[in-house]
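A.B. asks: If you scroll down you'll find the structure; I have some questions about it.
The values are calculated or read from the model by the stated rules, or taken from the named source; none is laboratory data. Being a predicted model, the structure only gives us computed values, none of them experimental. Counting neighbours? That spans all protein chains shown, and the Cβs are built from the backbone with ideal geometry, glycine included. All accessible areas refer to the heavy atoms of the entire protein, side chains included, with ligands and DNA or RNA removed. Shrake-Rupley method; radii C 1.70, N 1.55, O 1.52, S 1.80 Å.
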Amino acid sequence: DRDTFLQELSQLDLKGLKDHCEGAVRAANSPSANLDQYIQPVPPESIGSVRKSDKSCLTEWENEGLLQISQSQVGVLLLAGGQGTRLGVQYPKGMYNVGLPSGKTLYQIQAERIHKSRSCPTESMAANATASMVRPFSITADTRYIMTSEFTLAPTEKFFKENNFFGLDPSNIIMFEQRMIPAVTFDGKVILQNKGKIAMAPDGNGGLYQALVDNKVLEDMKKRGVEYLHVYCVDNILVKMADPVFIGFCVSRGADCGAKVVEKAYPAEPVGVVCKVQGVSQVVEYSELQPETAELRGPGGELVYSAGNICNHLFTRAFLQDVAEKFKDQLKQHVALKKVPFVDSCGNHVKPTKPNGIKMEKFVFDVFPFSSASAEDNPPAQCEISPLVSYFGEGLEKLLGGRTLPTPFILGEKRAKELQAQ
């Protein structure tokens, strides 16, 4: 047991672990920012509605999506790193029996939806195939990626094999793991799950971007010719994988990423909303909106902030490559206060009744600000440097080199001294 524990400890990046622990405590103690003064709804020109758009638009988007799919340029990525603890089970969510008369699991329902869609072309698919003179269409993508975690990889692989991959081609199903990170106490110490094991947790669905790099998934996408990736969560039982209307809308707008949303049912519904903050597209959690902002209504009585995020996204491979190379380390860290089982100083196993630990998570939608559309809409950075600090730029490299600065940024004598001391 000691050898196993030492082996686990030897694999840790101690500098990174120290930064992680200190960052978790800082984040947990930081007050939530008041975003209401900076928030704006997504402009109408960035939105396509299945309910409100005319039939010709929907047909145009669908045909564009089907064209991309027919050329095998669309892949599907399932986020399946979470266990079903909130559902009362200790196995992967995808293996959960949702209570249908058939007893089918989430994995089975989604796999069968892919399988069936290959043999039931719609009228528009057939018409488009005839017009384009390309090979026969299939509704969904050929390649399915499944991001798992340390907890879910082995049981997911076993489940698919035992069920003969639900009729799908095993060579087109690629499973890979996201990273695990330690849970931390409120005073910044790593939690021991038992005497020889650190309490670890997946790094959130935003861990996707690091996992794409770790597991060479982007290289696999390029090799297979996949240019667009539809990403969704395993617990979305109604998901329409590789939805051609959604794909076509994003492609026709030249979007490098997109979000399929559902209109909020009522102002206080606990779901994040897609909006703009200081001109940058992002998802704002429901807990970050003041009630008076959430209740704002437009001229027709509709909620102003109604674009409910359901973790249903489309990304271009080029954008994912950009995120992997330039932005993945800039993703925001979110705090989750959890009840983490641990061993006390006497070696006794304790199951806490209230939150005792901090788990840091990244969210898949936190890459929205890095999209080209957000960059175009983002107001220019404002940076004021006091002449008492620098006459004409001299010395700034030493003070500011390699730093990420907020905007507006003011560099006066006091701030310059603080930076020198760091």
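A.B. asks: Using a 10 Å cut-off on Cβ atoms, rank the peptides 401-408, 104-111 from the highest mean neighbour count down. Could you put the intermediate results ahead of the total?
C.D. replies: On the way: 401-408: 8.2, 104-111: 20.5.
So the order, starting with the most tightly packed, is 104-111, 401-408.
A.B. asks: Let me know the Rg and Dmax you get for the chain when you use only its Cα atoms, in Å.
C.D. replies: For the chain, the Cα-based Rg and Dmax read 23.8, 76 Å.
A.B. asks: Label 7 Å along Cα→Cβ of F5; the range 316-360 residues with amide nitrogen under 16 Å?
C.D. replies: Zone members listed by number: 342-350.
A.B. asks: Whenever you get a sec, compute what percent of the accessible area on the range 241-372 sits on carbon and sulfur atoms (1.4 Å probe).
C.D. replies: Here it works out to 51 percent.
A.B. asks: Continuing with this model, one more query. Suppose we keep just the DSSP beta bridges with both residues in the range 322-411; what percent of those would be antiparallel, to 5?
C.D. replies: Taking every DSSP beta bridge with both residues in the range 322-411, the antiparallel ones total about 70 percent.
A.B. asks: Provide the net charge surrounding A28, with neighbours chosen by a C-beta distance below 12 Å and charges set as Lys +1, Arg +1, Asp -1, Glu -1. Spell out each step's value before the answer.
C.D. replies: Values: positive: R26, K338, K359; negative: E22, D187.
Once positives and negatives cancel, what remains is +1.
A.B. asks: Using all Cα-Cα distances in the range 296-422, what percent lands in each 10 angstrom bin from 0 up to the longest?
C.D. replies: Whole-percent P(r) values from 0 Å outward: 9, 21, 23, 24, 18, 5, 0.
A.B. asks: Would you kindly state how much longer the chain becomes between K216 and F327 on full extension, computed as 0.36 nm times their sequence separation minus their alpha carbon distance, in nm to one decimal? Don't skip to the end; give the middle numbers.
C.D. replies: Working: separation 111, 0.36 × 111 = 39.96 nm, distance 1.70 nm.
38.3 nm is the gain from fully extending K216 to F327.
A.B. asks: Please find, in a Gaussian network model of the chain (springs between Cα atoms separated by less than 10 Å), the residue of G395, G254, G48 whose mean-square fluctuation is greatest.
C.D. replies: Of G395, G254, G48, the Gaussian network model singles out G395 as fluctuating most.
A.B. asks: With only Lys, Arg, Asp and Glu charged, each at its Cβ (+1 for the first two, -1 for the last two), find how big the charge dipole of the chain is about the Cα centre; round to the nearest 20 debye.
C.D. replies: Computed charge dipole of the chain: roughly 980 debye.
A.B. asks: Then there is this: With θ set to phi - 60° and the Karplus curve 6.51 cos²θ - 1.76 cosθ + 1.60, what are the ³J(HN,Hα) couplings of the range 300-308 in order, to the nearest whole Hz, using x for Gly and Pro?
C.D. replies: x, x, 7, 5, 5, 10, 10, 7, x
A.B. asks: Among the lysines, which have Cα under 26 Å from the Cα of K354 when same-chain residues fewer than 8 positions away are ignored?
C.D. replies: Counting by Cα, and skipping residues close in sequence, K354 has these lysines nearby: K18, K93, K189, K195, K197, K332, K338, K339, K362.
A.B. asks: Out of the range 266-340, which trypsin sites (Lys or Arg not before Pro) are coil in DSSP terms and have no more than 14 other C-beta atoms within 10 Å?
C.D. replies: K332, K339
A.B. asks: With a Förster radius of 51 Å, plug the Cβ-Cβ distance of D54 and L17 into 1/(1 + (r/R0)^6) and report the FRET value to the nearest 0.05.
C.D. replies: Calculated value: 0.40.
A.B. asks: Just for the chain, what percent of DSSP beta bridges are antiparallel, to the closest 5? Could you put the intermediate results ahead of the total?
C.D. replies: Working: 37 of 56 bridges.
Expressed as a percentage, antiparallel bridges in the chain total about 65.
A.B. asks: Separate question: Simple spin-label model, 7 Å along Cα-to-Cβ: Q422 to N29 in nm?
C.D. replies: Computed distance between label sites Q422 and N29 equals 1.7 nm.
A.B. asks: Follow-up. Roughly what % of Cα-Cα distances in the range 229-321 sit above 18 Å, to the whole percent?
C.D. replies: Working: 2200 of 4278 pairs.
Cα-Cα pairs of the range 229-321 separated by over 18 Å account for 51 percent.
A.B. asks: Rounded to a whole number, what % of the accessible area of the range 182-240 do carbon and sulfur atoms account for, probe 1.4 Å?
C.D. replies: Summing carbon and sulfur atoms, their accessible area is 53 percent of the total for the range 182-240.
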